[in-house]
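The values are calculated or read from the model by the stated rules, or taken from the named source; none is laboratory data. Values in this document were obtained by computation on a predicted structure and should not be read as measured data. All Cβ positions, glycine included, derive from the backbone under ideal geometry; neighbour counts span all protein chains shown. Note: areas computed on protein heavy atoms with side chains; ligands, DNA, RNA excluded. Shrake-Rupley method; radii C 1.70, N 1.55, O 1.52, S 1.80 Å.
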Amino acid sequence: MVYRLSWIASLAAFGLAMIRLETLLRASTDGLPWEIVVLAAAMLGGAITWAVIAYRLDWRLAVVINLLALTVTVVRIAVPDTTWFVLPTLDSFSELWVELGYARDVIRTGVAPVIPLSGVVAVLAAVFWAIGALVVFGLQTDRPYLAVLTPLVAYLQFATMDRGPGGGWLGSFLLMLGGALLAVAFDRRRRGTGVLTSPTTRLAVMRSVPSLAVTTLLATVVVAVVGTNALAQFVPRSGYLEWRTQSGLTGDYYGSVSYNPFVGIHQGLVSQTNTPVFVAGVEGAVAPDRLYWRLITLETFNGIQWFSDEPEMSRPGENDTFEDPGQVFRGPTDEITQDIVILALQMDWIPAVYAPATVTAPNRSVERGIRVKDDASLRFDALSYRGMNYSVTSQVPDPDLAVLGAGSDGELSPVFAGAAEDGAYDPEDAVEVPEPMDLPDPDRYLDLPDGIDPGVATLARTQTRGLTTDFERGLALEAYFRTPGQFRYSIDIEPGLRANDVGSWLLDPESPSYRTGYCEQFATAMAVMARELGIPSRVVLGFTPGTLLEDGRVVVRDRNAHAWVELWMPTQGWVRFDPTPRGDRANPATTADLPFDVEAYLDVPEPERLSFDDFATGRPILPFLEDDLSGIPQFVGTGGDEPITDRSFPGWLFLAGLGLLALFGSIPGIKWLRRRLRMKRLANGDISAAWREITDRLTDLGRAPEPAATPLEYAAGTDRSMIPLADVYGRHVYGPAAGPPASSWLAIRSLSETEAHLISRYSLPRRITARYRLRSLTPRWWRRLRGSRQK
């Protein structure tokens, strides 16, 4: 049967899946476009399946041929450098294992659109190869629903991975689904398939399509897709509430550590451990143990938490600078190089010192998987893993106090003027204040949601009263949070004791955990107060300075995880402030090292010393354990292209698997070839070929003929449909050498009917077991010898 409309529907569904896939992958940057590779794979899968069906070969042979061709294709796509001509080598499969493991991480955790890495393209080639094969198989073997629904199933998977808004996709999918089912119905009606009692198209469709199954499918799809879109607004942007999440064991032993890229006023449970997160070799003018490590900056606030709203991502090298040119720090900077090796960190944002200027990695897949946000934060298309290493060069700001401490007229600001009068600050004789820079899209860093308590703005103005520059206002806010007795740092907060918003946390003594918290509460409150004063602000998630090792590297641990604030200074750029009053002083104050105490020169009311139930800093900061860090891997450098990963695939395992696969397929393959040869002999009039074929099948099923029984006696005791074959076989053996054509036709018919009856009489597991039995393959003299011994 030719399913013309079903062919069109299948190709249209295939095209819809390809269009949705375009939203998941970026364009190829080298080699053939991934679209061509995927389409070629689908065409190959369809062509091979078509050829096997056209030559009437067994479907198992089609599977074997497709798998062999697909294996060669996948290896050639993923690891072409390891092949010999076009054939895989032993090294190919170990390298392929690494690439596919990396592709798995990208598929599971990457945020679309991802870079079309070779492993990802290889996986997609395998998927579309299967789609092409199933479409052809379904339409060539009267299984049209298999053909038209397979591409739509792939589309649903791509839509799930997209995580984007539905928009017109839902309507397109439902239209395509309905059109595909109608195409099959009309094809069957046109070819006369099915019981049709009415000439109308409507009744034809109803009788051609399994209405209950179709109705259930449509209802399920509509409820799932529409329901998901309707409930999406009730799901937190973060997907979970904790700022920090860990996997593995508890305590000081973690399989991996990850951090939620959302910082808010709500308090979750925090467990600080000494787990080494990453280690880095650092070179530059700044001491390694004084460098902050950044994961991501968060510029959007919804009243409860900070997050990065739909960040624009690019590949390193696509732009002149990693950072938005309008936000590049224009003051003095120090060049810092970092050779970073990931230990326990497993997430898609990876650490670097401030804004990177260059990023390289010895592993080509790692380097191609790194993308850059407009603030120069680094995002990895998969999850970072132990042993992953990369090198970063950063320009770290060194804020100029002479510029920041002066107003637009070049005169000292009130705080700096007071410090100069007391001799605590030695100003430069002449300060040339640069022209202020306009911050691109300032509303992005100034917007606040409606409903914030007006008292927050009042408190911010009170704490910065009499100050004239944004820098000293930032210093005043930072000092306010660090004033002893004003706030309490604690990570030992009972679950459920959460302030509802910034206003209640700052202003309401009856609020749960009033002015008590850890870094994310302090960073949230200071950034909001700065925006109330008209100062652009953003929250940064990262790590405080790590600990220096004996070999000169610095190790950063889980307990260094931290959140701080950056404020926009028009004459310099983004400057770091850290309002968290940690008891261990692990977080220095502002980036600029002030030679005086800011509080002494602030014109603010005497701070009220609050009475907390317990002025302790909560659970004590854990001391560093005397870990054996000798096993921390060294950075390999950027000269090679060998991936450093725990994903290994031993060659002997591949050889053993290949041997088992060959053994598994050889026995049925030999029997299939034997049958083909016998059918050719039968077509030429050799009736004995049919008799040997059916008796061998019965032998493997445990129904071997008795040596003393005649062919008719054996057939009568086995299956009545076998009697005509036994009759013509007997006449063929004891009669003329070649029987008449009618005898050959009768033998073929009897053989076919007997094989059909065997399928109904014996279960599928027993028939599969019979295909792997060796009894029918052993010589007849050996079987007779064994039979005589058993007697």
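Here is how the numbers come out for the structure above:
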| item | result |
| --- | --- |
| Cα gyration tensor shape for the range 1-140, rounded if a/c is under 1.5, else prolate or oblate | oblate |
| Most positive-pole-ward Cα, GLY405, PRO449, SER513, against dipole of the range 366-525 from beta carbon charges | SER513 |
| Estimated FRET transfer efficiency when R0 is 51 angstrom, pair THR23-VAL431 (beta carbons, to 0.05) | 0.45 |
| Environment charge at PRO454 (Cβ cut-off 13 Å; Lys +1, Arg +1, Asp -1, Glu -1) | -3 |
| Accessible-area value, LEU506, 1.4 Å probe, nucleic acids and ligands omitted, Å² | 0 Å² |
| Environment charge at THR769 (Cβ cut-off 12 Å; Lys +1, Arg +1, Asp -1, Glu -1) | +4 |
| Solvent-accessible surface (1.4 angstrom probe) belonging to TYR145, in square angstrom, nearest 10 | 50 Å² |
| Backbone HN-Hα couplings from phi across the range 387-400 [Karplus 6.51/-1.76/1.60, Hz, Gly and Pro as x] | x, 4, 9, 7, 10, 10, 10, 10, 9, 8, x, 10, x, 8 |
| Virtual spin-label span in nm between HIS757 and ASP597, 7 Å along Cα→Cβ | 10.6 nm |
| TYR480, TYR772, ranked by accessible area, largest first (probe 1.4 Å) | TYR772, TYR480 |
| With DNA, RNA and ligands ignored, accessible area of VAL433 (1.4 Å probe; Å², nearest 10) | 40 Å² |
| Percent of alpha-carbon pairs separated by more than 20 Å within the range 347-460 | 66 percent |
| HN-Hα J in Hz across the range 297-312 - Karplus 6.51, -1.76, 1.60, θ = phi - 60°, x for Gly and Pro | 9, 10, 10, 10, 10, 10, x, 10, 9, 9, 7, 9, 8, 6, x, 7 |
| Sequence-distant residues sharing a close amide H with TYR518 (under 5 Å, placed H) | SER490 |
| Under 5 Å, built H, 5+ apart or other chain: amide partners of VAL277 | ALA344, VAL556, ARG557, ASP558 |
| Sequence-distant residues sharing a close amide H with LEU298 (under 5 Å, placed H) | VAL539, VAL540, LEU541 |
